[in-house]
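Visitor: Before I ask anything, here is the structure I am working with.
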Amino acid sequence: MFEHITANEIAGYGVGALLLCATISAPKVDSFIAASQRSSLGMCKRCGGLKLIACSKCKGSGSINGRDPFSFNPVNGVYQSKGVSISCIKCQARGHFCCPACSKAPQT
Ligand SMILES: [Zn+2]
Ligand SMILES: [Zn+2]
C-alpha cells in the first residue's frame, strides 16, 4: 500500500524519472538535433562547424601503424620486421585537415 506516500513524494519521483530519462536520452537527442539542424543552423554539413575533418588515412591519430622494411636494430644487428608507427604523410601527422567546405583560411 502507498497511503504513506504523499503527493509531493510522488511528484518528486516523477521529476526524478523525467530527469533520468532526459539524462539518458540527451546524447541521442543532441546528435539527432545536430544531424537534422546543421544545415538549418547554417553549420557546415561536412564538418558540423568544427572546420576540421579527421584524416581518413590515419583515422585522426596522425600516425600509421605499418611495417618499416628498413628498420634496423643496431643493438643485435638484425633487421626487424616489427610494426612501427610512422607519421601520416597525407595529413602531415596532424590527424586532421581544415574543412575544404567551410574553412577559408589556407593552411600554411
Ligand atoms: Zn593522416
Ligand atoms: Zn566544414
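Read-outs throughout are calculated quantities, based only on the coordinates presented, and are distinct from any laboratory measurement. In this text the structure is predicted, and so the values were computed from the model without any measurement. Backbone-built Cβ (ideal geometry, glycine too); neighbour counts: all protein chains shown.
Visitor: So who's got an amide H within less than 5 Å of the one on Gly49, skipping anything under 5 residues away but keeping other chains? H placed 1.01 Å off N, in plane.
Guide: Cys44
Visitor: What is the order of Lys51, Lys45, fewest Cβ neighbours within 10 Å to most? Let's see the in-between values first.
Guide: Numbers: Lys51 17, Lys45 11.
Placing the least packed residue first, the sequence is Lys45, Lys51.
Visitor: Exposure proxy check: Ile86, Ile64, Ile10 ranked by fewest other beta carbons within 10 Å? All intermediate terms of the calculation are to be shown ahead of the outcome.
Guide: Working: Ile86 14, Ile64 17, Ile10 11.
In order of increasing Cβ crowding within 10 Å: Ile10, Ile86, Ile64.
Visitor: If we count other beta carbons within 10 Å of each Cβ, what is the order of Val84, Val15, Val75, fewest first? Could the numbers behind the result be given before it?
Guide: Details: Val84 14, Val15 10, Val75 5.
Ascending Cβ contact count within 10 Å gives the list Val75, Val15, Val84.
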